[in-house]
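Working notes, beginning with the structure itself.
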Amino acid sequence: MRRLPLIGLAVALAAAFPGAASARLIQAQTILPPGQSGFVSIAGLPTGTGSPHLTDQTQLFIDYRFKSALFDQPGEESTPRAGVRIVRDSFGVPAVHGSSDYDAWWGVGYSAAQDRLFQLELFKRATSGRLAEILGPSFLDDDLIARRDFYTEDELRAMAARIPRPLYARAEAYRDGINAWIAEVRSDPAGKMPGEFPALGVELEDWRLEDTLRVGVFLARTIPSGDGLELDNAHALRLIGASAFNRLLPLRTPRRIASVPRSEGLFPSQPGRTRRQERRAYARSRRFLANVSLPPLEEDGGESAAAAAARPVIPTGGSYMWAISRARFDRRGRVRRPGPAYLFNGPQLGYSIPELFFEFELHSPAQRIRGVSAAGIPLVGIGHNGRIAWGFTSGLSDEDDLYVERLTGPETYRFRGSERQMECRTETFTWRTPPTSLPDALEGLIGGDPQPPAGSRTERICRTVHGPVQARAEGVAFARRYAIWGRELDTIVGLSALNDARNIREVDRAMRRVTWNENVMAIDDRGNIGYWHPGFHPLRPRGFDERLPYPGTGEAEWRGLLPRGRTPRAINPTRRWLFNWNNMPSLGWTNGDGESRERLSGPYHRSGWLRRLVQAAARRPSYVRSRNIDFPLSTIAQQRPLFTRRLRAARRGSSGRVREMLAELLRWDGSYHRSGSDGKVDPGVAIWEAFKSQAEQVAIGRFRRGGRLMSGAAGSSHGYDVANGEAYAMRILRSRGLRRAAAQADAALTRRFGTTDISAWRDPRRMYEVEPMGAASPPELPFFDRGTWLQSVALGP
């Protein structure tokens, strides 16, 4: 195996040569696998080749090496128009210099189109419900969701009218830059046309401002959190009963891990609601649902209702981040003695080629900033500006609810004692079978199954007073109410303020303006650190249970939104470090409908491993120690070190094969990265995975289908993480139950490997499935529970 390089070298060089970093920006490094570009030329299609920057960061990523993200890296310079200068560094990352704000953002749009023109086409179609037109009928459901759950063009323009004119002008400049490159492509299609367009028979269209707005709305809605699991919960309640449901999806998981330290406050999600009210609400919701027809579940082996929409072209996922400060704070959280601060962020959106993120640097009379955003968005999503640095993780809080509408006709329902007419429209969806002679990578994008002939279908799309109708059953419709509805673009105002913030207090003010629910962490150059869980959070009706669908008759309406000043946050906590890996924001927060089942894991949530590593590094903080957290964090099965004490207790009193199994788990350190010369990993990997699965069977196997609905699965970015059912088993099983799980795992692995020799239970090192988002061939990438893009920054006086 390749040895981990000495990652402190870049830091030592920066210290030895002060000119390598500014006085405030001590160090900044990033990595974006597989690479910056997504361009594959027409000539390159047969072999899937194209830009030299398609995969040039892959090996660096595998080796845990980084590239510099300090300002003004040297590179190749171009001047696409007067007032715009673009310098691309050795990895193809553009630094755009504009003589005006318009020129700078024009240059960013131009650069994004050079690197990601076909990806822009996919994003435009994914967010407007037109993917099936080029990728085939398997994307019709994606198209339906995009048109049903989002906005018409008139609604989009009305939302955009609220954006301040200077920010709107940036979107116009970005659009103009994209279209300038499109004009160049049309003039030289042989050399500049991305190969996917002719291969799929797609006509190159100009980029519209509405395309940028749609991508922005989609990201603001879907990246921080998804729709709820109320229908799955209602089915599970009927299958397993009220008591078991309450144990598998409690409002508060015992010993849950929160990002806001208890010393900074509890921050309840439903202030003023009592436990007695919660018990009564649960009973009332059960009585209500007893008389509600539910849509049928998918057959066993199929997707649940919530998972059916989980295959987007624009990906979602989890992420991790931490901040450590060497400054000294007083009792009020103010800096008493400035010092360096360190931020690390790894947004986890799965791996694709090209990635969702587009990296760039911008210099204008108004801004100096470097970071990433999705192609199509005139904003730095995550990055630094030399005075502050910030990162995001998905908030995953329950920001929406499902309402049961009592139908009085196909498109009428009853609300507050009167009959209401749904707002409905007919949408036509068309599809076209892609050509059969496509490169392998493109076939991976559209799927290899036989495609029906081209055609179309119409769908009736309806809304109630609560929102879009997402499902129907006998006599009822299910409508989704979103807290952020119609306000997604308002987040641009807050993020723009974040881009321009000069200190942690200005970050705090910016967070009170965003409407979405990303967790945010930031540091500044005096050593301040902060964490926020912002956005719109409903104040729910106290008389019904938040985990289940609400009656839509008017008796279970929201009481408003949680005031911005009462959302979870922590600035300069006493311990001087913060962390988040999509865990609970605060100890006063409740689980809602459990939109992300793995978040219910309590003390065995993956963030427990991160907390342990950050706490250790913070004892003697440095940039190197902060960045070094990334390796054990992303190569160790997170719950294994958290479960050592329980394994030791289970081994005591065991004998025979069970004792051997438990001893092997205790010997194994949790690494799924380390492998032998044959490319196979330690037997502990297979044993641990089988042990967790069998522990879940011991704990909830009797519930069968209902238990599977409540268990969920680890996210695709977290291959060795626990699902809710496994974590529940780890919490409640005593030593006897754990020994039983070990015995069952022994039997299962003996069957799978065909031998009782534990040393032979060695699987190949797991590889990541890199999804194609175009014609480039996906590289081989070993699995790491690691960020899609990684940023490590040090700021200080």
*asked:* Given the criteria basic (Lys, Arg) and touching a residue at least 40 places away in the same chain (Cβ under 8 Å), does residue 81 qualify?
replied: yes
_Some residue of segment 115-134 being within 15 Å of residue 379 (Cβ to Cβ) and in contact with a helix residue (DSSP H, G or I) (Cβ under 7 Å, 6 or more places away or on another chain)_ = yes
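Would you mind finding the one in 588, 543 that is in contact (Cβ under 8 Å) with a residue 40 or more places away in the chain, touching a Leu at 6+ places or on another chain (Cβ under 6 Å) and part of a loop (DSSP other than H, G, I, E, B)? Full working, then the answer.
Working: 543 fails: touching a Leu at 6+ places or on another chain (Cβ under 6 Å).
Answer to the check: 588.
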_I need the full set of residues from segment 324-353 which are out of contact with any strand residue (DSSP E or B) (no Cβ under 6 Å at 6 or more places or on another chain) and free of Cβ contacts under 8 Å to residues at least 24 places away in the same chain, in order please._
331, 332
*asked:* Suppose we keep only residues that are assigned to a loop (DSSP other than H, G, I, E, B) and of a type in the set (A, V, I, L, M) within segment 348-363. Which one would you say is farthest from residue 395 (Cα to Cα)?
replied: 356
*Provide a single number: the residues in segment 537-573 that are farther than 21 Å from residue 514 by Cα and either open to solvent by 30 Å² or more (accessible area, probe 1.4 Å) or of a type in the set (Lys, Arg) (or both).*
5
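Can you pull out every residue in segment 737-751 that is touching a residue at least 24 places away in the same chain (Cβ under 8 Å) and open to solvent by 30 Å² or more (accessible area, probe 1.4 Å)?
Answer for segment 737-751, where residues must be touching a residue at least 24 places away in the same chain (Cβ under 8 Å) and open to solvent by 30 Å² or more (accessible area, probe 1.4 Å): 739, 740, 743, 744.
Determine whether residue 528 is over 20 Å from residue 224 (Cβ atoms) and crowded, with 23+ Cβ neighbours inside 10 Å.
In short, yes.
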*Kindly establish whether residue 469 is over 24 Å from the mean Cα position of the chain (by Cα), farther than 29 Å from residue 337 by Cα, aliphatic (A, V, I, L, M) and assigned to a strand (DSSP E or B).*
yes
*Of all residues in segment 421-460, count the ones that are in contact (Cβ under 8 Å) with a residue 40 or more places away in the chain and outside any strand (DSSP E or B).*
17
_Complete set of residues in segment 496-512 that are without any contact (Cβ under 8 Å) to a residue 24 or more places away in the chain and either open to solvent by less than 10 Å² (accessible area, probe 1.4 Å) or over 25 Å from residue 794 (Cα atoms) (or both)_ = 510
*For segment 519-537, how many residues meet the condition of being of a type outside the set (Val, Ile, Thr) and either in contact with a His (Cβ under 8 Å, 6 or more places away or on another chain) or assigned to a strand (DSSP E or B) (or both)?*
7
*How many residues does segment 131-145 contain that are under 24 Å from the mean Cα position of the chain (by Cα) and surrounded by 24 or more Cβ atoms within 10 Å (Cβ to Cβ)?*
3
*In segment 230-239, which residues are farther than 10 Å from residue 286 by Cβ and open to solvent by 20 Å² or more (accessible area, probe 1.4 Å)?*
231, 235, 239
*Take residue 65 and decide whether it is at pLDDT 95 or above, part of a loop (DSSP other than H, G, I, E, B), open to solvent by 50 Å² or more (accessible area, probe 1.4 Å) and charged (D, E, K, R).*
yes
*Check residue 330 against each of (1) open to solvent by 10 Å² or more (accessible area, probe 1.4 Å); (2) of a type in the set (Asp, Glu); (3) modelled with pLDDT of 95 or more and name the one condition it does not meet.*
(3)
*Can you tell me which residue in segment 699-717 is modelled with the lowest pLDDT, limited to those that are over 29 Å from the mean Cα position of the chain (by Cα), open to solvent by 30 Å² or more (accessible area, probe 1.4 Å) and of a type outside the set (Phe, Trp, Tyr)?*
704
*What residue, of 659, 646, 619, 625, is closer than 17 Å to residue 601 by Cβ and open to solvent by 20 Å² or more (accessible area, probe 1.4 Å)?*
646
*Inter-residue pairs, beta-carbon under 7 Å, first within 20 Å of residue 231 (Cα to Cα) and in a loop (DSSP other than H, G, I, E, B) and in segment 712-730, second open to solvent by less than 10 Å² (accessible area, probe 1.4 Å) and among the polar types (S, T, N, Q), 6+ apart*: 712/724; 723/711
*In segment 273-297, which residues are within 28 Å of residue 395 (Cβ to Cβ) and open to solvent by 60 Å² or more (accessible area, probe 1.4 Å)?*
274, 275, 277, 279
*Would you check if there is a residue in segment 574-590 being within 21 Å of the chain's Cα centre (by Cα), surrounded by fewer than 21 Cβ atoms within 10 Å (Cβ to Cβ) and under 21 Å from residue 263 (Cα atoms)?*
yes
_Where the second residue is of a type in the set (Val, Ile, Thr) and the first is open to solvent by less than 20 Å² (accessible area, probe 1.4 Å) and lies in segment 461-473, which pairs have Cβ atoms under 6 Å and are six or more apart or on separate chains?_
462/469
*asked:* Restricting to segment 600-610, give me the number of residues that are assigned to a helix (DSSP H, G or I) and open to solvent by less than 20 Å² (accessible area, probe 1.4 Å).
replied: 6
*Could you say which residue among 752, 731, 739 is within 22 Å of residue 648 (Cα to Cα), over 28 Å from the mean Cα position of the chain (by Cα) and of a type outside the set (S, T, N, Q)?*
739
*Sole residue being open to solvent by 10 Å² or more (accessible area, probe 1.4 Å), under 24 Å from the mean Cα position of the chain (by Cα) and of a type in the set (S, T, N, Q), chosen from 90, 187, 99, 128*: 128
*Identify, by number, the condition in (1) open to solvent by 30 Å² or more (accessible area, probe 1.4 Å); (2) over 29 Å from residue 79 (Cβ atoms); (3) assigned to a helix (DSSP H, G or I) that residue 175 doesn't meet.*
(2)
_Candidates 671, 675, 654 - the one that is open to solvent by less than 30 Å² (accessible area, probe 1.4 Å), farther than 27 Å from residue 782 by Cα and either over 33 Å from the mean Cα position of the chain (by Cα) or not β-branched (Val, Ile, Thr) (or both)_ = 654
*asked:* It is to be established whether one or more residues within segment 364-373 are open to solvent by less than 20 Å² (accessible area, probe 1.4 Å), closer than 26 Å to residue 396 by Cβ, free of Cβ contacts under 8 Å to residues at least 60 places away in the same chain and not β-branched (Val, Ile, Thr).
replied: yes
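The values are calculated or read from the model by the stated rules, or taken from the named source; none is laboratory data. Owing to the predicted nature of the structure, the values given are computational and were not obtained by experimental measurement. Because the Cβ atoms are built from the backbone with ideal geometry, glycine has one as well, and the counts that use them run over all protein chains shown. These accessible areas exclude ligands, DNA and RNA; they are computed on the full protein's heavy atoms, side chains included. Shrake-Rupley method; radii C 1.70, N 1.55, O 1.52, S 1.80 Å.
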